Amino acid sequence: MKDVTCELRSRRALNAVMLFAVTSLTAVVFCVDRGWPDYVAAALLWLVIYFSAVSGLSGSFAHEEDSRTADALRLAALPEAVCAGKVLFNLALLLCVVIVLALLGIVMLGIDIANWGRFAVVLLAGSVGLASSSALLGAMVSKSGVRTLLFPIIAFPISLPLLIAAIKAVESALGSGGVVENYAAVRVLISYSGILLVLSLVFFRFVWE
Amino acid sequence: MVKIVLGLWMVLVTSAAFLYLPPAEGFRSPESARIIVFHVPCAVVAAVAFVVSALFAVIYLARRRSLDDMRSAAAVEIGLVFAVLAMVTGSIFAEQQWGAWWSGDPREVSMVVLILIYAAYMALRASINEDRRKASVSAVYVLFALPAMIYLVFILPRITFSLHPSDTISRGLLGREYAVALAASAVGFLGIAAWMFSIRMALSRALFYANEGMEGEQNER
């Protein structure tokens, strides 16, 4: 059943999001000189990830409303299964973007990673949180007429605790200025992502009717 | 009766703040620190209002009665008012204390984000026309925003460096008078918020029944 949701989407979303991410990262590289401090690099990396997520994931339910597949899904599958499928799809998409961005970041921004394990865990946890919150919020605005405008408005403040914790955590995994010990940020990030994931699965039923 | 008691209580709190309380030692500008008697309770009331709105959201999702949805929305509105008040009083205090209206302190930022979250709630409500869908979507949004609120208010300011004290009272820097005045003021502000809530609910209820009445008449025709 989960595959149904995933299969319904074409590769269009991936191409568009990937291009968006690479374009914005290139713009960043052009505009700012290299050799910035870690906290700037961490913030830039997450901002690009976040805006790619917003531009790519907001449309996922809207597309299904437009092509009338949403009604079929309502009949065919449990709401939790639909939500889980959507979260997994968003996560897969986001992870592709994140991996490409991280590699490009290392090459083009010249960021220097001291703690690879923590860097990977933080990127994964942040992606889980973004993927699950955008699944629920995307379903909320999918029937609204102004959804392309509304989605960033409601997604940004909700994701901000996640972004702040993620930026702090990535900063602590980068090493050019000496490793900053910041386990608290990593813990906060993982717990917040977990809460978003669970709440999305629980509440999806109420917005999917 | 309740209004009179509340009015007298707030008169008492206000005059105590300016006349009875000693200037707060340990602050850069001890006289102006009296504003915390109004600043802190506003923030407390805002947080309480947001929690209350989440409670009514749960009740709505369980019982599906539109009055609970209205209660949840009214609590968000009141929370927004007090959040803005807390930010304005905080900004005035910061100008006196830290020398700038805005210094990008984690608590200032988190308060702004909190206001953004619940302002987005109003935008979300306004964008949905169908009543039942509006009610369930906004209930889910309020519940989804609750962990964000808790992280912003209680957790994030503590993992980042902040100028904002969070343990001034418990370290005994301000003295007992301040603890008592703050508690009294918080009670007063909560009373005002509850009063605003009942007025807001009377209005929503009237509008709700007026709408229902009109629909009923249309059905009869």
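The values are calculated or read from the model by the stated rules, or taken from the named source; none is laboratory data. In this text the structure is predicted, and so the values were computed from the model without any measurement. All Cβ positions, glycine included, derive from the backbone under ideal geometry; neighbour counts span all protein chains shown. Side chains are part of the model used for accessible areas, which takes the heavy atoms of the whole protein and leaves out ligands, DNA and RNA. Shrake-Rupley method; radii C 1.70, N 1.55, O 1.52, S 1.80 Å.
The conditions of being in a helix (DSSP H, G or I) and either touching a residue at least 12 places away in the same chain (Cβ under 8 Å) or open to solvent by 20 Å² or more (accessible area, probe 1.4 Å) (or both) are met by A:LEU124.
The residues of region B:92-139 that are out of contact with any Lys or Arg (no Cβ under 9 Å at 6 or more places or on another chain), touching a residue at least 60 places away in the same chain (Cβ under 8 Å) and open to solvent by less than 20 Å² (accessible area, probe 1.4 Å), listed by number, are B:LEU114, B:TYR118, B:ALA139. Listed by first and then second residue, the pairs with beta-carbon distance under 7 Å, at least 6 apart or on different chains, first residue in region A:93-104 and surrounded by 17 or more Cβ atoms within 10 Å (Cβ to Cβ), second of a type in the set (S, T, N, Q), are A:LEU94/A:SER127; A:VAL97/A:SER52; A:VAL98/A:SER127.
Report, by residue number, each residue of region B:121-131 that is touching a helix residue (DSSP H, G or I) at 6+ places or on another chain (Cβ under 8 Å) and either more than 8 Å from chain A (Cβ to nearest Cβ) or in a helix (DSSP H, G or I) (or both). Steps first, answer last, please.
Going through region B:121-131, the residues touching a helix residue (DSSP H, G or I) at 6+ places or on another chain (Cβ under 8 Å) turn out to be B:121-125, B:127-128, B:131.
Result: B:TYR121, B:MET122, B:ALA123, B:LEU124, B:ARG125, B:SER127, B:ASP131.
Here is a yes/no grid of residues against (1) within 30 Å of B:GLU130 (Cβ to Cβ); (2) more than 9 Å from every other protein chain (Cβ to nearest Cβ); (3) at pLDDT 85 or above:
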residue	(1), (2), (3)
A:ILE153	yes, no, no
A:ILE158	yes, no, yes
A:LEU174	no, yes, no
A:GLU181	no, yes, no
A:SER191	no, no, yes
A:GLY194	no, yes, yes
A:SER200	yes, no, yes
A:PHE203	yes, no, yes
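Of everything in region B:150-159, what is at the interface with chain A (Cβ under 7 Å from one of its Cβ atoms) and either closer than 10 Å to A:VAL188 by Cβ or at pLDDT below 70 (or both)? Give them in sequence order. Selection gives B:TYR151, B:ILE155, B:LEU156, B:ILE159.
Checking B:SER72 against (1) open to solvent by 50 Å² or more (accessible area, probe 1.4 Å); (2) assigned to a helix (DSSP H, G or I), only one condition comes out false. Which one? Failed condition: (1). Check region B:80-97 and report whether any residue there is at pLDDT below 90, within 18 Å of the chain's Cα centre (by Cα) and of a type in the set (Ser, Thr, Tyr). The answer is yes, given that some residue of region B:80-97 is at pLDDT below 90, within 18 Å of the chain's Cα centre (by Cα) and of a type in the set (Ser, Thr, Tyr). The criterion of being open to solvent by less than 10 Å² (accessible area, probe 1.4 Å), of a type outside the set (Phe, Trp, Tyr), assigned to a helix (DSSP H, G or I) and over 24 Å from A:THR148 (Cβ atoms) does not hold for B:ALA145. Does region A:127-138 include one or more residues that are open to solvent by 30 Å² or more (accessible area, probe 1.4 Å) and at pLDDT 80 or above? Yes; the residues of region A:127-138 include at least one that is open to solvent by 30 Å² or more (accessible area, probe 1.4 Å) and at pLDDT 80 or above.
Kindly indicate whether A:ILE111 is facing chain B (nearest Cβ under 7 Å), within 19 Å of A:SER52 (Cβ to Cβ) and among the β-branched types (Val, Ile, Thr).
Against the criterion (facing chain B (nearest Cβ under 7 Å), within 19 Å of A:SER52 (Cβ to Cβ) and among the β-branched types (Val, Ile, Thr)), A:ILE111 does not qualify.
Scanning region B:75-91 for residues that are touching a residue at least 60 places away in the same chain (Cβ under 8 Å) and either β-branched (Val, Ile, Thr) or open to solvent by 40 Å² or more (accessible area, probe 1.4 Å) (or both) gives B:VAL76, B:GLU77, B:ILE78, B:VAL81.
Do you know which of the residues in region B:75-120 that are assigned to a helix (DSSP H, G or I) and among the aromatic types (Phe, Trp, Tyr) is farthest from the other protein chains (Cβ to nearest Cβ)? So that I can check it myself, show each step before the final result.
Here is the first cut: in region B:75-120, the ones assigned to a helix (DSSP H, G or I) are B:75-97, B:106-120.
Adding the requirement that they be among the aromatic types (Phe, Trp, Tyr) leaves B:82, B:93, B:118.
Details: B:PHE82: 18, B:PHE93: 24, B:TYR118: 9 Å.
Restricting to residues being assigned to a helix (DSSP H, G or I) and among the aromatic types (Phe, Trp, Tyr), the top hit is B:PHE93.
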